[in-house]
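For reference, the structure is listed below as structure tokens.
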Amino acid sequence: WVMSLWRVTALAVTIAPPLLSALAPAMLAASAPLLVGAAWAWRAAEKKGESESLKLSDPVELSLMLRFALLLAGIMVLAKLLSGGENELFALAGISGLLDVDPITLSMARESNEGLSQFLAVSTILIASASNALAKSVLAVIFGGWRLGLWLSGLAVAGAAAGALVFFT
């Protein structure tokens with residue numbers, strides 16, 4: 001999750017550099033509880049002698065790229081149609097973040113270059129990131145059981161709260 005937050009920040013700032021001053025502090029704050037949890041889990045696994053190999057898939061698989069392109073196009077169209085109001089954009093961010101946070105990030109960064117307020121663009125990206133953490137928490141419950149899912153959900157809530165606290169103060 002930490003890498004996802006940092007990747008989202010890098011992606012947004014690459015498209016719209018002015019977003020850095022508002023997005024980076026919130027994402028760093030959101031990362032802090034997640035880093036603490038990751039360090040704790042790493043040390044616990046080391047003590048138990050647990051290790052599993054990571055299986056990677058081909059990131060340039062055509063079907064994956066086509067699905068991403070379709071999702072990105074749909075979100076960009078919806079973002080343009082719903083850019084008249086905050087509530088609509090926030091709802092779109094919440095829904096799209098359940099699937100993937102990159103398309104809404106790209107869309108908001110692009111829209112901020114075209115006049116969308118920095119506050120609205122960053123708020124939308126943060127909502128999508130929090131929604132994405134919720135989806136990952138559900139997956140943790142499904143694939144790792146309730147104990148892992150609740151542990152990761154707690155970290156996700158702590159991260160979202162820390163990010164929101166920094167952004168809104």
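The values are calculated or read from the model by the stated rules, or taken from the named source; none is laboratory data. Quick caveat, the model's predicted, so the values are computed rather than measured. Note: ideal-geometry Cβ built from the backbone for every residue, glycine included; neighbour counts use all protein chains shown. To get the accessible areas, we keep the full protein, side chains included, count just its heavy atoms, and leave off ligands, DNA and RNA. Shrake-Rupley method; radii C 1.70, N 1.55, O 1.52, S 1.80 Å.
In deg cm²/dmol and to the nearest 500, what is the mean residue ellipticity at 222 nm of the chain if only DSSP H runs of at least 4 residues count, each as -39500 (n - 2.57), divided by the residue total?
-29500 deg cm²/dmol, from helical runs alone.
So how tilted is helix 62-82 from the main axis of the chain? Cα-based, degrees 0 to 90, rounded to 10.
Once rounded, one gets 50 degrees.
Can you give me the % of accessible surface on the chain that is carbon or sulfur? Probe 1.4 Å, all protein chains present, nothing else counted.
About 71 percent, which is the carbon plus sulfur part of the accessible surface.
Any idea what the relative contact order of the stretch 89-168 is, in percent, if you count C-alpha pairs under 8 Å spaced at least 6 apart?
Computed value for the stretch 89-168: 28 percent relative contact order.
Using only Cα atoms, tell me the angle between helix 86-99 and the longest principal axis of the chain; keep it within 0 to 90° and round to the nearest 10.
For helix 86-99, the angle is close to 40 degrees.
Expressed as an acute angle from 0 to 90° and rounded to the nearest 10, what is the orientation of the C-alpha long axis of helix 20-48 relative to the principal long axis of the chain?
Approximately 10 degrees, to the nearest ten.
Using 0.36 nm per residue of separation minus the Cα-Cα distance, give me the extension gain between Thr169 and Leu98 in nm, one decimal. Intermediate results must be reported in sequence, preceding the final value.
Details: separation 71, 0.36 × 71 = 25.56 nm, distance 2.62 nm.
Length gained, Thr169 through Leu98: 22.9 nm.
Given N residues in the chain, what is its alpha carbon radius of gyration divided by 2.2 N^0.38 Å? All intermediate terms of the calculation are to be shown ahead of the outcome.
Values: Rg = 16.7 Å, N = 169, 2.2 N^0.38 = 15.5 Å.
The value comes to 1.08.
Output the relative contact order of the chain, whole-number percent, from Cα pairs under 8 angstrom with separation of 6+ residues.
Working: 174 pairs, mean separation 55.5, N = 169.
Taking the mean separation of contacting Cα pairs over the length of the chain, I get 33 percent.
Say R0 is 41 Å: what FRET efficiency, to the nearest 0.05, do Glu88 and Leu20 get from their beta-carbon distance?
In this case the efficiency is close to 0.95.
Note down the magnitude of the dipole of the chain about its Cα centre, charges +1 on Lys and Arg C-beta and -1 on Asp and Glu C-beta and zero elsewhere, to the nearest 20 debye.
So the dipole magnitude of the chain works out to roughly 420 debye.
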